[in-house]
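For reference, the structure is listed below as structure tokens.
The values are calculated or read from the model by the stated rules, or taken from the named source; none is laboratory data. The shown structure was predicted, so the numbers you read here are calculated from the model rather than taken from an experiment. Every residue, glycine as well, gets a Cβ built from its backbone with ideal geometry; the counts of neighbours run over all protein chains shown. All accessible areas refer to the heavy atoms of the entire protein, side chains included, with ligands and DNA or RNA removed. Shrake-Rupley method; radii C 1.70, N 1.55, O 1.52, S 1.80 Å.
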Amino acid sequence: MNDITKHPTLPPESLDGLNALLNRLVAARREIGKAVVGQEAVIEQLLTAIISGGHVLLEGAPGVGKTLLVRTLGTVTGLDFARIQFTPDLMPADVTGGLALSPNAETGRTEVEFRPGPIFTQILLADEINRATPKTQSALLEAMQERTVTVSGRTMSLPEPLFVLATQNPIEMEGTYQLPEAQIDRFLMKTVVAFPSEDDLDAILDQTTGTRNAEPQQVLSAAEILELQRLTRAVPIAAHLRRMVARFVIATQPDGEGVSKRIADYVRFGVSPRGAQSLVLAAKGRALLEGRYNVSLDDLEAVLLATLRHRFQLNYEGIAEGIDAEGLLLDTWRSVAHGSK
């Protein structure tokens with residue numbers, strides 16, 4: 001890793017102990033890799049998201065290790081962990097908590113008290129989130145955006161840091177609901193957990209069917225993650241790269257002037273301003289994860305699909321024509337960033 005503390009633009013108050021902190025971040029990646037085999041890109045995206053202060057939507061077929069990945073992240077970071085199994089009969093109060101009658105041992109009277117739900121944690125695994133109804137899915141909206149829960153007019157703050165990791169099954173599978181656009185937009189990243197290769201699958205079988213289990217160790221704390229989140233926001237991005245992101249976002253709008261014919265014909269929703277913010281913030285997190293204190297073009301390109309694939313939607317014509325949405329997104333980026341046609 002580069003000695004980041006020698007960077008000339010680094011704030012003086014961030015110098016002491018920064019290298020040690022970043023080394024622990026590298027150690028966290030290594031510890032997660034002990035239990036999660038062959039998902040290096042996914043691990044990088046999760047760590048990028050957590051130091052960027054964002055949430056992650058994990059998509060993949062059942063059995064590819066999504067839940068193991070989240071549990072291992074909780075172990076390595078030392079954050080409080082809770083899991084909700086989303087089902088069609090899950091109610092919003094099962095997520096946020098609610099009011100309940102409770103006897104008071106001193107007075108003998110029955111009193112109304114708030115009983116917090118599993119959202120009152122630091123890492124929340126919302127397992128198979130798209131199996132629940134839209135009403136229950138939306139119970140997460142305030143928590144994810146505002147880091148608060150409001151019940152009967154009372155607003156309560158959630159623990160910090162709060163990191164929501166939601167797994168979802170592919171939408172074409174039985175018993176799934178489409179996530180509302182407003183909720184999808186709350187996720188900093190949508191990460192696709194791919195099926196393992198033959199070599200990775202062989203390693204998984206060797207690791208999980210023998211007598212020795214991988215035992216990742218805690219290497220980070222909540223206070224250190226909050227400090228990393230502060231440092232991530234302080235990472236500078238050059239003005240020309242920021243302007244490039246703005247140009248790219250405008251180029252994805254189907255009703256914009258001078259956009260490509262494919263964008264105008266096949267796109268329903270382009271990238272939103274929140275999407276642009278997510279792209280820049282994730283690029284800052286990725287730069288810090290790589291031991292650099294400035295955002296490069298490579299950082300932006302590395303997080304482009306993860307931060308924007310769930311915010312860029314085709315219209316009916318695009319779906320009917322079989323347009324590759326991610327390919328169109330990448331082509332538009334290259335046209336802006338590299339001047340290709």
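Tabulated results
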| item | result |
| --- | --- |
| Helices (runs of 4 or more DSSP H) fully within the range 12-110 counting 3 or more residues that are closer than 30 Å to residue 204 by Cα and among the aliphatic types (A, V, I, L, M) | 18-35, 40-52, 66-77 |
| Any hit, the range 265-276, residues being among the small types (Gly, Ala, Ser) and closer than 21 Å to residue 235 by Cα | yes |
| Matching residues, the range 246-273, being within 20 Å of the chain's Cα centre (by Cα) and more than 13 Å from residue 312 (Cβ to Cβ) | 273 |
| Scan of the range 191-222 for residues that are under 30 Å from residue 326 (Cβ atoms) and outside any loop (DSSP other than H, G, I, E, B), ordered by number | 191, 192, 198, 199, 200, 201, 202, 203, 204 |
| All positions within the range 205-236 that are hydrophobic (A, V, I, L, M, F, W, C) and open to solvent by less than 50 Å² (accessible area, probe 1.4 Å) | 214, 219, 220, 222, 225, 228, 231, 234, 235 |
| Residue 128 of a type in the set (Asp, Glu) and on the phi > 0 side of the Ramachandran plot | yes |
| Residue list for the range 258-277, filter: out of contact with any strand residue (DSSP E or B) (no Cβ under 9 Å at 6 or more places or on another chain) and more than 18 Å from residue 189 (Cβ to Cβ) | 258, 260, 261, 262, 263, 264, 265 |
| Failed item in (1) open to solvent by 30 Å² or more (accessible area, probe 1.4 Å); (2) within 24 Å of residue 183 (Cβ to Cβ), with residue 282 passing the rest | (1) |
| Whichever residue in the range 223-258 is charged (D, E, K, R) and closer than 30 Å to residue 326 by Cβ and, among such residues, is modelled with the lowest pLDDT | 257 |
| Only listed residue being in contact with a strand residue (DSSP E or B) (Cβ under 6 Å, 6 or more places away or on another chain), open to solvent by 40 Å² or more (accessible area, probe 1.4 Å) and among the hydroxyl-bearing types (Ser, Thr, Tyr), chosen from 155, 96, 107 | 155 |
| Search result, residues across the range 317-330 that are open to solvent by 40 Å² or more (accessible area, probe 1.4 Å) and either closer than 25 Å to residue 52 by Cβ or without any contact (Cβ under 8 Å) to a residue 12 or more places away in the chain (or both) | 319, 320, 322, 324, 326, 330 |
| Qualifying position, being modelled with pLDDT under 90, surrounded by 15 or more Cβ atoms within 10 Å (Cβ to Cβ) and not polar (S, T, N, Q), among 21, 57 | 21 |
| Residue list for the range 165-184, filter: out of contact with any strand residue (DSSP E or B) (no Cβ under 8 Å at 6 or more places or on another chain), surrounded by fewer than 17 Cβ atoms within 10 Å (Cβ to Cβ) and either at pLDDT 80 or above or not small (Gly, Ala, Ser) (or both) | 171, 172, 173, 174, 178, 180 |
| Residue identified as closer than 27 Å to residue 45 by Cα and buried (at least 17 other Cβ atoms within 10 Å of the Cβ) among 122, 145 | 122 |
| Residue among 34, 66 that alone is in contact with a Leu (Cβ under 6 Å, 6 or more places away or on another chain), at pLDDT below 90 and at negative phi | 66 |
| Residue pairs meeting the criteria (Cβ under 6 Å; at least 6 apart or on separate chains; first more than 19 Å from residue 300 (Cα to Cα), in the range 224-237; second assigned to a loop (DSSP other than H, G, I, E, B) and not charged (D, E, K, R)) | 225/161; 226/161 |
